[in-house]
Each structure stands twice: as structure tokens, then as C-alpha cells.
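Data block below; observations after.
Read-outs: derived from the displayed coordinates by stated rules, not from any lab. Just so you know, these numbers come straight off a predicted model, no measurement behind them. Using ideal geometry, Cβ is built from the backbone for each residue, glycine included, and neighbour counts are taken over all protein chains shown.
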């Protein structure tokens, strides 16, 4: 889901009940068009960014905000001059919702993979619910995001394989972002979780995933990203993270990143009576590395590990509403589908299929 990256201002610990500040917050992640207060209003403030899917490391295009904290202080996206006014400017980020206190977001999404005809077909339906919490830890300027979530995956076939009717994800992501200077920043994520059919007590149902990445701002519109993702799957343990993010205009964003490329284009927006942009519509094309690994009961002497892997090409539409509910709809083509078990050989190749996905964010 290429959700527009949310920037959250964390209040001091003793001000959780204060109303949200009226000034527009900076959103240096740059997925949407830009609108910002002066940098001096933003400096020394605690900011947090919406993470991507916690159980599926780096699988959400909109969740890859690796360089989001890296716009240098004292610079806007049009040059090196410091702002002297809070007047909104078209080339800066759209103001986003600010929630005082710990709770920031609630996200729900559903994904459907159609079961086609033939002996190699498999259908799948996924539901996921997660919340985004933010705390000024270890310091207000380097916030910690805590993202607990739960997902259920329903499988339809193949009938001759010992695949359970459903498996579950129960996880909690801990994500920390820190900027070391005007150009260099890091994004660290650690996700402990239980991935299982809950029908056995296999120790490998509990797994860790995560990633570590650094981003370097070459220019305001160019950012280099490098790091590594720990997927901890049956046959994929580590994958490199790397590439280039290019923002040629407020309406365009190119994430030329491995393993998750994405191209996004703003097609419409609306201004409120005060001149700020309060709604945006985006179209995008992106890739995904899908699937997962779960501990399951196959009826054998000991539990097994089920691993499903696929590749996805997705086109989508995203609406971001300031102070409201964000929504998105996606359609995609799923190919390279492979089912494998740790104790059963050989694996099984599934036929290609189509994908539909919808989600809302509060």
C-alpha cells in the first residue's frame, strides 16, 4: 500500500491531553505533494513515520520510508534557502494529521488471490489489522514506533497438499529512525512474531524479521538507499536493500529500489478554504515479494514449516484525506508462485492468478 507517509509530532510526556498544534507538520518522506511550516518550527521536534507492514518486511511500497528523515534542516525541496514564513508553498509537503499522545493510526486491509481452474490453482484471502503507536524513546528527537498487528490467511487448495485451511500472524514491530546529520539517516526495524496455524507447539513458530537501512541525501530530489532485510523465510534469509529515490516534481515519485520498486503519480488534489491541500488522489505501479512462512501441523510425527513465495505486479489508487480516513484499492498479477515444506520434497508450483486488495487507515 503506498500510503502517504504520516508524520507524527510527539508531545512531551506531560502534554498528552493538549490539543494538536495548529501549524502544518513537516512530511519529509515526500510521497505526496509538499506543504510545510518553517524549518525552525520543526527542528528539535519529535517526529515519527508510518511504518509499512510489520509482518511482511519491506513488502509495502508506501512503507519504504527509509530516507524520510533526511531532508536537511534549513532546506526546502526547491533549494538551499531557509524559510522565513509559515505561508504554505506548493513545492513542500502536504500537512498531515497530528494526534497527541501515544496512539497514531489504525490500519485494516484485505487481500484476495483468485483460485483459477486446474490442478495447480490455489486461492488465498488475507485479513490484517494493526495499530501504530509512537513514544519519544530513547529521545524525543529519535522516536520509537511500536506496531502490534494480527493477520489471518485463508487458503483454498491445492487439495493434495497438507496445507491447513488458515494460518495466523501475531507480531509487534519496533522501528527506530534517527538522523545523524543533514544528509545521513538510518531506519532500523525489529519484528518478533508468531507465525503458525495454532495447532501445534513447534518452536519455529516464533521468528524474528527486520531490516537495517541507511539513506544519503545527495540533493533534495535525489536520495541513495542501502541496507539489508532479514526475511527469515524457509529459503530466503537475507535480501539486500538498495537503490535510488527520485522526486522530479511534487506530483511524481520514483522509488527505484530493490526488492520493491514503485512509481507514483498524483492525479488530483483539493484545497481547503485556508489554502492547504486536504485531499490527494494518487495512482501507482509497484512490485511485491509476497508470501510467508508458517509452522503447521501436517499430521506427521512432528510439525513442519510451510513456505509460500510469489511475485506481484500491482497497480493501485490511493486517496489521502487530511483529518479523515484514507482509502486505497489495488489490482495485480501474481506469478512465480511456489509452495514448499521443510520436511516434504519436492515443492509445488502454482498457476498464476490475479490479486485484489483494499485497505483503510484511520
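Can you put 186, 147, 218 in order, fewest other beta carbons within 10 Å first?
Arranged by neighbour count, lowest to highest, 186, 147, 218 become 218, 186, 147.
With a 10 Å radius around each residue's Cβ, average the other Cβ atoms per peptide and rank 299-309, 266-276, highest first.
In decreasing order of mean packing, 299-309, 266-276 become 299-309, 266-276.
In Å³ and rounded to a whole number, note down the convex hull volume per residue for the Cα atoms of the range 243-345.
Convex hull volume per residue, Cα atoms: 141 Å³.
Calculate, axis by axis, the spread of Cα positions in the range 146-290 along the three principal axes, and write the results as whole Å, longest axis first.
On the principal axes, the range 146-290 reaches 55, 36, 28 Å in Cα extent.
Tell me, what does the Kirkwood hydrodynamic radius of the range 283-336 come to in angstroms if you use every pair of distinct C-alpha atoms?
14.0 Å
Quick one: length gained pulling residue 114 to residue 150 fully straight, 0.36 nm per residue minus the C-alpha distance?
Here the answer is 10.7 nm.
Taking a quarter of the surface of the convex hull around the Cα atoms of the range 132-224, what do you get in nm²?
Hull-based average projected area comes out at 9.1 nm².
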